[in-house]
1. In region 141-157, which residue that is more than 24 Å from the chain's Cα centre (by Cα) and not hydrophobic (A, V, I, L, M, F, W, C) is surrounded by the most Cβ atoms within 10 Å (Cβ to Cβ)?
2. Restricting attention to region 124-140, and to residues there that are touching a residue at least 12 places away in the same chain (Cβ under 8 Å) and among the charged types (D, E, K, R), which single residue is least open to solvent (accessible area, probe 1.4 Å)?
3. Which condition number does residue 46 fail, the rest of (1) part of a helix (DSSP H, G or I); (2) surrounded by 10 or more Cβ atoms within 10 Å (Cβ to Cβ); (3) at pLDDT below 75 being met?
4. Would you be able to say whether some residue in region 96-103 is assigned to a helix (DSSP H, G or I), surrounded by 12 or more Cβ atoms within 10 Å (Cβ to Cβ), without any contact (Cβ under 8 Å) to a residue 12 or more places away in the chain and acidic (Asp, Glu)?
5. From 116, 87, 65, 75, which residue is at pLDDT below 90 and in a helix (DSSP H, G or I)?
6. Considering only residues that are over 14 Å from residue 85 (Cα atoms) and either out of contact with any Lys or Arg (no Cβ under 6 Å at 6 or more places or on another chain) or of a type in the set (Ser, Thr, Tyr) (or both), which ones fall in region 130-150?
7. So, residue 165, is that one closer than 22 Å to residue 89 by Cβ, free of Cβ contacts under 8 Å to residues at least 60 places away in the same chain and part of a helix (DSSP H, G or I) or not?
8. Among the residues of region 169-199, which ones are within 15 Å of residue 88 (Cα to Cα), open to solvent by 20 Å² or more (accessible area, probe 1.4 Å) and either in a helix (DSSP H, G or I) or among the hydroxyl-bearing types (Ser, Thr, Tyr) (or both)?
Amino acid sequence: MASRCNHGSLLEYLRAAIFVAGLLLFVTSLTPGQTKPDTSPPAPPASSGERSKTDKTDKDDSLYDFGSPEREMRDRQALKEEKKQYDENLARAREASELASQLMQTYEARGDFNSDDTKKFQRLEKLTKKIRSEAGGSDTDPDLKDIPAVLAAAVKRVADLADDLRKLVEKTPLHVISAAVIDQANKLLGLLQRVRFWR
């Protein structure tokens, strides 16, 4: 009987010892190792806007897997895709400028537009809306100010606005929301609507 009690208490003692050892192992894994104290001077205090960005960055960095080949590949692929979209937007702006120039030449030569020209106007409007969207603009009412009263002058202004839009898109860096591009696109769209009304 005594040996059974000793055996039971020994078993309880071993369970308690294993539990304590496991708890100590868990606690020591949570405490950081000792590090050498930082001897660099403290950074100047950040403004509230900078502080919120830093806090967010610190949280993001803890989740970021630095040096991971998969992460680097994903980042490279994302940059490649963004560059592709940027190049496509440049191509749209150049095509829009070319179409507007062709329409102006057609009107100067014939004084009128045919069904092919109507398709060019539609394409020009579609390209301009896409350029505006890529620049960060939304589908709003176009700018209807400063519209020439004569069709010939309006067609010339379409060509000028489209060329200016192309130049703005070419100057706008990747990842930039451009108010100038949005404004120019809205002016061009307003003028295109007016020219379509005249025809």
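The values are calculated or read from the model by the stated rules, or taken from the named source; none is laboratory data. These numbers were taken from a predicted model, which means no experiment stands behind them. Cβ coordinates were reconstructed from backbone atoms using ideal geometry, including for glycine residues, and neighbour counts include every protein chain displayed. Calculation scope for accessible area: heavy atoms of the full protein, side chains included, ligands and nucleic acids excluded. Shrake-Rupley method; radii C 1.70, N 1.55, O 1.52, S 1.80 Å.
1. 157
2. 132
3. In the conditions (1) part of a helix (DSSP H, G or I); (2) surrounded by 10 or more Cβ atoms within 10 Å (Cβ to Cβ); (3) at pLDDT below 75, residue 46 misses (1) alone.
4. Yes, there is a match, as at least one residue in region 96-103 is assigned to a helix (DSSP H, G or I), surrounded by 12 or more Cβ atoms within 10 Å (Cβ to Cβ), without any contact (Cβ under 8 Å) to a residue 12 or more places away in the chain and acidic (Asp, Glu).
5. So the residue among 116, 87, 65, 75 that is at pLDDT below 90 and in a helix (DSSP H, G or I) is 75.
6. Selection gives 137, 138, 139, 140, 141, 142, 144, 145, 146, 149, 150.
7. No.
8. 170, 171, 172
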